[in-house]
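Report on one structure; see the data block that follows.
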Amino acid sequence: MKKILVTGGFGFLGSHLVELLLSDTDNQVHVVDNLSTNPVPIDDLLSQLDYPDRISHSITDVENFCDSWSGERYKEIYHLASVVGPAGVLPHAGRIAASIVNDTMAVANLAMSCGARLVDVSTSEVYGGGQDGFCSETMFKVVPAKSSARLEYAVGKLAAETALLNLSGTRDLDLRIVRPFNVTGPRQSGRGGFVLPRFIGQAIAGVDITVFGDGKQVRAFTHVKDMVAGIVCAMKNGKKGEVYNLGNPANRCSILELAEEVKRITRTRSRIVFVDPTTIYGPLYEEANNKFPDASKAIAELGWEPRYGRNQAIEDTFLYMKGLPERLLFHLRGF
Ligand code: UDP
């Protein structure tokens, strides 16, 4: 049995990763999660898993868990635990960067203690918008002259990445880093501000679909199934000390186009309206720059390729959300 640790394994992305890992009967997974950031409904998840005997969990902070290491020798560690979302980060302003760096360093120490390979799940936010939205691993990261919760998140993730890369270079940390671009799909919560579950929740409820600003902002949405496959490929095939963008450039679109596609696929009678997001989330809400990935490095080196189109992500999320009981739908739609 291969023992694998997943931090944040009860979040949206983590829960899909755990499912994929358990589909390999050689894997045994331990999840550490403090349930602070939109956890998926755990009882429902655990009852749906095909292999409940190969999953265990600790409901606690990552730092606590790592500092009281039991001596268990994990072969692989996936570090996903983090505050997330343009709205989700706001209540944590002032503590975002510290928590990201402290948790990540604790995970790195644990990985070195057990001789585990570590995949750190960072963020495309570190690019700050790249060059007119195009983001490649070889680019400089730009830190603008301002402060905000969103910037604290990006800078915290970048600081953690930089420290990990230094440990990989000097202290033999067996590391790979991935930077996801706008992952979306079933179980994502609109409560952190994420756009697709918000739009679909609005479409199901028959209320206005709220496009922020003029809707011309560009993103490249990546189906969660592609994303977790890429994360596992980074663990298996990634090179030590390398950073990989994970995203689907072919799914690039404006947010207005996304809203129109949601309207068509869900056949809702909701109207599309243009709103100022600060009227919903307050003055601290910040829009990200346009962003879409250069994913060629991951495709060339990881034996991975994104397969799902944008409409598949919309359809799968719609199918999931419309089948939910009201208590869970309310939990996900976030408006
Ligand atoms: N967005 C929107 N309406 C909403 C929620 C989000 O128009 O109700 C926009 C948001 O302004 C952003 C895009 O959707 O431009 C993607 O937002 P998300 O939070 O999913 O990702 P991020 O901004 O972090 O890339």
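The values are calculated or read from the model by the stated rules, or taken from the named source; none is laboratory data. Bear in mind that the values here come from a model prediction, so they are computed numbers and not experimental data. Don't worry about glycine lacking a Cβ; one is built from the backbone with ideal geometry, like all the others, and counts go over all protein chains shown. Surface areas here come from the heavy atoms of the whole protein model, side chains and all, with no ligands, DNA or RNA. Shrake-Rupley method; radii C 1.70, N 1.55, O 1.52, S 1.80 Å.
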The lone condition residue 210 fails out of (1) at pLDDT 95 or above; (2) away from the ligand (no atom under 16 Å from the Cβ) is (2)
Of the residues that sit in the stretch 302-315 and are out of contact with any strand residue (DSSP E or B) (no Cβ under 7 Å at 6 or more places or on another chain) and in contact (Cβ under 8 Å) with a residue 40 or more places away in the chain, which one is surrounded by the most Cβ atoms within 10 Å (Cβ to Cβ)? 314
Out of all the residues in the stretch 156-178, is one or more closer than 29 Å to residue 211 by Cβ and either open to solvent by 60 Å² or more (accessible area, probe 1.4 Å) or assigned to a loop (DSSP other than H, G, I, E, B) (or both)? no
Taking the stretch 182-194 on its own, how many of its residues are near the ligand (Cβ under 8 Å from one of its atoms) and either assigned to a loop (DSSP other than H, G, I, E, B) or surrounded by fewer than 23 Cβ atoms within 10 Å (Cβ to Cβ) (or both)? 4
Among (1) away from the ligand (no atom under 16 Å from the Cβ); (2) modelled with pLDDT under 95; (3) open to solvent by 30 Å² or more (accessible area, probe 1.4 Å), which single condition is residue 40 missing? (3)
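Kindly provide the set of residues from the stretch 202-223 that are β-branched (Val, Ile, Thr) and more than 19 Å from residue 334 (Cα to Cα), ordered by number.
Of everything in the stretch 202-223, those that are β-branched (Val, Ile, Thr) and more than 19 Å from residue 334 (Cα to Cα) turn out to be 218, 222.
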Please state which one of 126, 119 is within 16 Å of the ligand (Cβ to nearest atom) and either open to solvent by less than 40 Å² (accessible area, probe 1.4 Å) or in a strand (DSSP E or B) (or both). 126
For the stretch 220-252, give me each residue that is of a type in the set (D, E, K, R) and either open to solvent by 20 Å² or more (accessible area, probe 1.4 Å) or free of Cβ contacts under 8 Å to residues at least 40 places away in the same chain (or both). 225, 236, 239, 240, 242, 252
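Looking for something over 30 Å from residue 316 (Cα atoms) and open to solvent by less than 20 Å² (accessible area, probe 1.4 Å) - is there at least one such residue anywhere in the stretch 3-12?
No.
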Filter the stretch 85-106 down to residues that are away from the ligand (no atom under 16 Å from the Cβ) and outside any loop (DSSP other than H, G, I, E, B), then give me how many there are. 9
Among the candidates 173, 158, which residue alone is within 16 Å of the ligand (Cβ to nearest atom) and not aromatic (Phe, Trp, Tyr)? 158
Can we say residue 274 is aromatic (Phe, Trp, Tyr) and open to solvent by 70 Å² or more (accessible area, probe 1.4 Å)? yes
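Does residue 327 satisfy being in contact with an Asp or Glu (Cβ under 8 Å, 6 or more places away or on another chain), over 28 Å from residue 153 (Cα atoms) and exposed (fewer than 13 other Cβ atoms within 10 Å of the Cβ)?
Here the answer is no, as residue 327 does not meet what is asked.
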Options 82, 113: the member that is part of a helix (DSSP H, G or I) and either in contact with an Asp or Glu (Cβ under 9 Å, 6 or more places away or on another chain) or without any contact (Cβ under 8 Å) to a residue 60 or more places away in the chain (or both): 113
Scan the stretch 132-147 and tell me whether some residue there is within 15 Å of the ligand (Cβ to nearest atom), open to solvent by less than 30 Å² (accessible area, probe 1.4 Å) and either assigned to a helix (DSSP H, G or I) or touching a helix residue (DSSP H, G or I) at 6+ places or on another chain (Cβ under 6 Å) (or both). yes
